[in-house]
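The values are calculated or read from the model by the stated rules, or taken from the named source; none is laboratory data. Remember, predicted model here, so these are calculated numbers, not experimental data. Note: ideal-geometry Cβ built from the backbone for every residue, glycine included; neighbour counts use all protein chains shown.
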Amino acid sequence: MSREEHDRLRARPDLQSLGAAIQLLVTAAHALGYGACWMSAPVLAAPRLEQLLGVEEPARLVAIVAVGVPSGHPQGTRRLPVDEVLRFATPESGAAAESGRAASAAAPAPGETDRS
Ligand SMILES: Cc1cc2nc3c(=O)[nH]c(=O)nc-3n(C[C@H](O)[C@H](O)[C@H](O)COP(=O)(O)O)c2cc1C
């Protein structure tokens, strides 16, 4: 089995790890009093940015995190209620018992808010 197929079957642990790392970076910046913005749109210009930033194989650009001193404190944005976007599967909840998983986190697919 190729590395790509293995990662696909495991729901892309490479991308999950990157997301966790970037979130920790943003959270750490905030804890130190900085503002940070996680951006993937600049990756559209990855070839040029990789050249400018000296990113070389096997590394590749997947996101940019802008970090700086905030000029203000923006209001938080509206969030969906947690129970609409996150479900904890336990042995008692049925599906988890059938699949042998316990206490796994399951999030809805994009555009889907109710999996019950
Ligand atoms: C994977 C990902 C990619 C993002 N890419 C961009 C981007 O390219 N440009 C941008 O202005 N914001 C982008 N954002 C959103 C900002 O990082 C956003 O301010 C941050 O997620 C906080 O969300 P909030 O503004 O809803 O509080 C991205 C967020 C995520 C999670």
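Taking the criterion of being within 14 Å of the ligand (Cβ to nearest atom) and in contact with a strand residue (DSSP E or B) (Cβ under 8 Å, 6 or more places away or on another chain), the only residue of region 69-85 that qualifies is 70. All conditions in (1) part of a strand (DSSP E or B); (2) modelled with pLDDT under 90 hold for residue 67, with the sole exception of (2).
Of the candidates 25, 61, the single residue that is among the hydrophobic types (A, V, I, L, M, F, W, C) and in contact with a helix residue (DSSP H, G or I) (Cβ under 6 Å, 6 or more places away or on another chain) is 61.
Look at (1) within 30 Å of residue 3 (Cβ to Cβ); (2) modelled with pLDDT under 90 and you find that residue 42 fails only one, number (2). Within region 32-41, if we keep just the residues that are under 16 Å from residue 74 (Cα atoms) and surrounded by fewer than 13 Cβ atoms within 10 Å (Cβ to Cβ), the residue that is nearest to the ligand (Cβ to nearest atom) turns out to be 37. The criterion of being within 23 Å of residue 76 (Cα to Cα) and away from the ligand (no atom under 13 Å from the Cβ) does not hold for residue 11.
Assigned to a helix (DSSP H, G or I), within 11 Å of the ligand (Cβ to nearest atom), touching a residue at least 40 places away in the same chain (Cβ under 8 Å) and more than 15 Å from residue 66 (Cβ to Cβ): is that true of residue 44 in this structure? For residue 44, the condition - assigned to a helix (DSSP H, G or I), within 11 Å of the ligand (Cβ to nearest atom), touching a residue at least 40 places away in the same chain (Cβ under 8 Å) and more than 15 Å from residue 66 (Cβ to Cβ) - is not met.
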